Amino acid sequence: MFSFTKVGVFLSIIIFFKKNIYAAEGMPQFNIETFPSQLFWLIITFVILYLIINFLILPRIRSNLRLRKNKISNDLERAELIKTQIEKISKEYDEKITKSKNRSNDTIKNAIEKANDEFTSQLNNVKKKISKKIFDAEKETLEYKNSLSNEISDISKEVSLLLIKKILGKSLSKSDIENIYKQKASMDGK
């Protein structure tokens, strides 16, 4: 309002000192006869404009600014809340992943130990079976060797009988040949 007063005083001074300023050139707003009426309507128009702006437009702008400010602050609070929730979920996720990795490592370790134990037990069973088969094979080989030895002994006794009969022309009994073999075996054993 202060500036309106200055303008009004300035225009009033011009009116009193100079009559018909610029009116002759065709500018009706400076015609002194219509000046008071123009000044009146100017003041009325600016007062109405001031009232409309002050009581209608500015409150709406202020409320919109307030609403925006509230919305922005609410959005920031919600974003902060969501951020903390995301951090919490991320932390829980990391913990679950760590637990899962530990459980899977334990499971793998237990499976490896179980497989090693089973492998060792099967290996021991196979070793026992192989040892038994080797023992049986050695026993069978020894029995076969003894049977061959007995057969060879019997065959050699028969051959000896035949040779003695042909060479010496004497015939000996099997018991005589067996006694000779026993004496020979006892001499070799000493």
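The values are calculated or read from the model by the stated rules, or taken from the named source; none is laboratory data. Just so it is clear, the model here is predicted, and its values are computed rather than measured. Note: ideal-geometry Cβ built from the backbone for every residue, glycine included; neighbour counts use all protein chains shown.
For the reader, a short list of remarks on this structure follows.
- Across segment 39-79, the qualifying residues are those that are of a type in the set (Phe, Trp, Tyr) and within 26 Å of Phe10 (Cβ to Cβ), and the one among them that is nearest to the chain's Cα centre (by Cα) is Tyr50.
- Any hit, segment 114-121, residues being assigned to a helix (DSSP H, G or I) and at pLDDT below 85: no
- A search for C-beta distances below 6 Å between a residue of segment 156-179 that is assigned to a helix (DSSP H, G or I) and any residue that is of a type in the set (Ser, Thr, Tyr), counting only pairs 6+ apart in sequence or on different chains, returns Lys165/Ser171; Ile177/Ser160.
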